[in-house]
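These notes are about the structure you will find just below.
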Amino acid sequence: MNAGIKTLRIDGRDVSARADQTILQVARENDIFIPSLCYLEGLSPVGACRLCLVEVKGASRLLPACVTRVEEGMEVTTRSERLDAYRRMILELLFSERNHICSVCVSNGHCELQSLAERLNLTHVHFPYRYPRLPVDASHPRFVADHNRCILCTRCVRVCDEIEGAHTWDVMGRGIEARVITDLNQPWGESESCTSCGKCVHVCPTGALSEKGRSVAEMAKRRQFLPYLTMMRTQAR
Amino acid sequence: MTLEELQRTAQEERASQSKVACHLHVCTAASCLSAGSAQVKQALEQELAERGMRSFCRVKGVGCMGLCSAGPLVAAHPEGFLYGRVTPEDAPDITRSLVEGRPVRRLSVPTDQPFFRRQLKLVLENAGLVDPERLEEYIAAGGYASLLKALTEMTPQDVIREVTISGLRGRGGAGYPTGLKWSTVAKSTDAEKYVVCNADEGDPGAFMDRAVLESDPHRVLEGMTIAAYAVGARHGFIYVRAEYPLAVARLRTAIRQAERAGLLGNRIAGTPFSFHIEVRLGAGAFVCGEETALMASIEGRRGTPRPRPPYPAEYGLWGHSTLINNVETFANIPVIVREGGQWFARIGTATSKGTKVFALAGRVVNTGLIEVPMGISLREIIYEIGGGIPDGRRFKAVQTGGPSGGCIPEEHLDTPVDYESLAALGSMMGSGGLIVMDDATCMVDLARFFLEFSKGESCGKCVPCRVGTAHLYELLDRLVKGEADGESLRMLEELSDLLRHTSLCGLGQSAPNPVLSTLRYFREEYEAHLAGRCLAGTCRVGANR
Amino acid sequence: MSRMRLATIWLDGCSGCHMSFLDMDERLIELAGQLELVYSPLVDLKEFPEQVDVTLVEGAVGTSEDEEKLRHIRARTRILVALGDCAVTANVPAMRNPFGPQACLARAYQENATRNPGAPQDEVPRLQTRVRPLHEVVPVDVFVPGCPPSADVIFYVLQELLAGRVPDLAGRSRFGA
Ligand SMILES: Cc1cc2nc3c(=O)[nH]c(=O)nc-3n(C[C@H](O)[C@H](O)[C@H](O)COP(=O)(O)O)c2cc1C
Ligand code: SF4
Ligand code: FES
């Protein structure tokens, strides 16, 4: 037996995996749906949104599929009443946190938060909406950052750091006050490190980062570059 | 410094100390300092000088003597007189009494009271006795003998075996078996390993670690160095919050002294073993006490936790195998090596061995720092050591574990203090904060206070904690103000369950504990708020109706 | 069998959901045989009747008048349907919430007014501090997100209700739509 290959069971299905794969990767390969938001193939996983939590037999806690490595004989359950309820609540928390007004959003119809809500049967948010007053940064000549739509998945932070190598984006503040910032919280348009490559805009799952000149529902994101870049880089090594 | 040199230093120091007939110990830990003990010390020194008594009596600054509420504290040795609330004006009376051999009655603090009798000091064995700024005193008190014993008489495996036998569990909150953690790091084949001491101590009201660092810093260095020897590390970090300037200063002094004496640094005590310690300052975020956030912070990154596994033992500082323990955990090590694991394991309960240091605060007569054997009951701590509830009020609840813990009501006061029993009550041992509340405390307002803390300290990385703590706080705030609706209790429970089971790190997972435990034991107070009344009479719930 | 007594009402919304209702076109005729429209902005009735089987509520709760109406309707309705994003999430009307009503009135009637500046006083209902979705005010039985929900979705909801079932909106409509 090859030590680098593991077999495990996901939702009762026997699947095989490379030892360095995560539960989420293997599930995707096998067309088993596990919701995710902060995860994006090609970026380092951070386990922050908690939507991908799954039950693993013998584990005392729920485990985030995006960062949990497969193990021989693992028994994973990706759907249960409890998981469904938790996932819906997490989505509700996101919707209640800021001002996601889908109907007037540039990403209406192309938004991962919106489509996950639909997919997970979220018909309303029963937690009180918080309605924070948040800025919109339109100082960049080509892009806009609308903090009302940001879910703090940090994909922009990671793509800028890990792929573009500019590290323009980071997170400032704690807890409910946390916000993504450019440089040292300078307006995006005045950022000296930003290369205007637009990668952040296209990995952003919502309408938080968008291209200027797009109106409601016009901002579809193109992510193809990411697996392509990653592939080129790993093969070049 | 070799073993012989160490013994010689100890002898010389003891001889020098016995040259003077008596010592006045003035507490110079933060609490007494803030009550003015520096001025007291100065006045005493001046008084002795003026009376030409310096060859007869020496004044020395020492660490915490425990009864902080009676500070500034001064103790006269060898008589054993203890004086409280001392002012510089008391210096003449105190010096006179030394000659007369009779205590100053009006300042006397009885030392045969349960506050002192019921304690058992291992971690704090030197606190209040040695000058934390002098290495020689620590050595004279037996310090560094354990390190040299480990280095010269024991293999790393022997050390780990003793720690395992001792049953010591982490004092940073979670109570993970220390021996097991050490052996995991020791087994790692990583060529580069680190030892980290967690001195972030962010719980509001907790000051156990600060007291240990301010009173006996060498003990922590010794514990860390023994750990490094056991696991095979050559570099260590102490992560201290910058709000503890005195602890930081004393640690730095201690590191310098130990290095100069060859007890730290290259080729310790002439053996091939080398170990270096650096102090790193934290900027005061509670979450930076969480081990993965702490390591990120040491590395110079934003202090946010990351999912575990991998645990630090496998993937720690800069990706290397790292041992991380709490201050008090390390402070137990010299005793364990000195007396043996068996000896240590005889103290405490079946699952929780040794002692625990608590910061006793809130509505009790005696507040301060105490060290008690595991297994002592909460009642003994509060009523005997703590001296009960002041002002004729009634006990209501005691909060252990700070914002991550829960409150325990009267009916459970006979519970023995150990990791499992406290957890079964919906609270936790935590790092050692113990806050006593009387009947004038509104439990809904208490939960709100802790959630305000957790909401402010959440790092914001994961959704359940970032948004969930904000909702919990707002629901509680509305309850306190009398603006809540009937749905709110169900929502509190629902959110608490979500946070507990889906948050990324311990902060979010345990943030609901103050809500859940007050809902469990004081649900009627929540219901009263819904009906527009506060049973403790402290919230103005009616005002908004 | 008696026909289902249906009411529709429009609070803080744009009437888009009612337009979508009308977009059911010829299916309206089909429905007309099975239900009786007992109250609606589309018909001229002054009093909200007793014992309504189903009320479709468009719009959020933004004024004291909205709140009063909603409570009144709730008391007389068996199944209350939050129709569309404004009813379900407070949607666009809630965009004033981060700023508060005073700032909005000032912007609309003061800063941008070219003639007779000044907010209306007594003739119109007071704006509440926050615009709220229906379920923050009264219990809601069925949520139909969408801005607006399509005619197909509304038709589906009504058919299910007519058949005595609770409509399952999963995968049929979403926020924003
Ligand atoms: C939010 C949070 C804060 C923490 N703060 C501290 C702290 O201030 N000091 C500490 O020693 N451990 C703290 N811990 C626990 C550490 O993560 C870790 O478990 C501990 O340092 C391990 O040492 P021990 O095994 O000696 O207890 C904290 C944990 C969490 C989740
Ligand atoms: S639980 Fe809270 S503190 Fe921990 S990672 Fe999540 S947001 Fe940060
Ligand atoms: S996708 Fe795993 S936590 Fe976000």
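The values are calculated or read from the model by the stated rules, or taken from the named source; none is laboratory data. Bear in mind that the values here come from a model prediction, so they are computed numbers and not experimental data. With ideal geometry, Cβ positions are generated from the backbone for all residues, glycine too; neighbour counts draw on all protein chains shown. Heavy atoms of the whole protein, side chains included, go into the accessibility calculation; ligands, DNA and RNA do not. Shrake-Rupley method; radii C 1.70, N 1.55, O 1.52, S 1.80 Å.
Quick look at the numbers
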quantity	calculated
Hits in segment C:142-177 (condition: of a type in the set (Gly, Ala, Ser) and within 10 Å of another protein chain (Cβ to nearest Cβ))	C:Gly146, C:Ala170, C:Gly171, C:Ser173, C:Gly176, C:Ala177
Index of the failed condition, B:Gly232 passing every other in (1) touching a strand residue (DSSP E or B) at 6+ places or on another chain (Cβ under 7 Å); (2) open to solvent by 10 Å² or more (accessible area, probe 1.4 Å); (3) over 15 Å from B:Thr322 (Cβ atoms)	(3)
Boolean, C:Arg115 is without any contact (Cβ under 8 Å) to a residue 12 or more places away in the chain, in a loop (DSSP other than H, G, I, E, B), basic (Lys, Arg) and more than 13 Å from chain A (Cβ to nearest Cβ)	yes
The listed residue being more than 23 Å from B:Ala247 (Cα to Cα) and either under 30 Å from the mean Cα position of the chain (by Cα) or modelled with pLDDT under 95 (or both), out of B:Ser55, B:Ser37	B:Ser55
Selection count where residues are of a type in the set (S, T, N, Q) and surrounded by fewer than 18 Cβ atoms within 10 Å (Cβ to Cβ), scope segment B:502-545	2
Flag for A:Gly109 being away from chain B (no Cβ under 14 Å), touching a helix residue (DSSP H, G or I) at 6+ places or on another chain (Cβ under 7 Å) and not in a strand (DSSP E or B)	no
Condition met for B:Gly354 (over 13 Å from B:Val436 (Cα atoms) and surrounded by 24 or more Cβ atoms within 10 Å (Cβ to Cβ))	yes
Test result for B:Asp216, open to solvent by less than 10 Å² (accessible area, probe 1.4 Å) and within 16 Å of ligand 2 (Cβ to nearest atom)	no
Any hit, segment B:465-479, residues being within 16 Å of ligand 3 (Cβ to nearest atom), at the interface with chain A (Cβ under 10 Å from one of its Cβ atoms) and among the hydroxyl-bearing types (Ser, Thr, Tyr)	no
Single residue of A:Leu51, A:Leu8 found to be within 14 Å of another protein chain (Cβ to nearest Cβ) and either over 21 Å from the mean Cα position of the chain (by Cα) or among the aliphatic types (A, V, I, L, M) (or both)	A:Leu51
Strands (runs of 3 or more DSSP E) completely within segment C:10-74 that count 1 or more residues being among the aromatic types (Phe, Trp, Tyr) and either modelled with pLDDT under 95 or more than 11 Å from the chain's Cα centre (by Cα) (or both)	C:35-39
Residues being hydrophobic (A, V, I, L, M, F, W, C) and either out of contact with any Leu (no Cβ under 8 Å at 6 or more places or on another chain) or free of Cβ contacts under 8 Å to residues at least 40 places away in the same chain (or both) - total across segment C:118-150	4
Condition met for B:Ala206 (surrounded by fewer than 24 Cβ atoms within 10 Å (Cβ to Cβ), within 18 Å of the chain's Cα centre (by Cα), more than 22 Å from B:Leu124 (Cα to Cα) and in contact (Cβ under 8 Å) with a residue 24 or more places away in the chain)	no
Any hit, segment A:55-64, residues being within 10 Å of ligand 3 (Cβ to nearest atom) and either buried (at least 17 other Cβ atoms within 10 Å of the Cβ) or closer than 29 Å to A:His147 by Cα (or both)	yes
Failed item, numbered, when B:Arg490 is tested on (1) within 30 Å of B:Thr367 (Cα to Cα); (2) away from ligand 3 (no atom under 16 Å from the Cβ); (3) open to solvent by 10 Å² or more (accessible area, probe 1.4 Å); (4) over 20 Å from the mean Cα position of the chain (by Cα)	(1)
Residues being among the β-branched types (Val, Ile, Thr), within 12 Å of ligand 3 (Cβ to nearest atom) and open to solvent by 10 Å² or more (accessible area, probe 1.4 Å) - total across segment A:23-47	1
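Residue-by-condition table, conditions (1) open to solvent by 10 Å² or more (accessible area, probe 1.4 Å); (2) aromatic (Phe, Trp, Tyr); (3) outside the structural domain of B:Val372 (by TED's automatic domain parsing):
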residue	(1), (2), (3)
B:Gly66	no, no, yes
B:Ser69	yes, no, yes
B:Tyr83	no, yes, yes
B:Pro88	yes, no, yes
B:Asp93	yes, no, yes
B:Ser97	no, no, yes
B:Val104	yes, no, yes
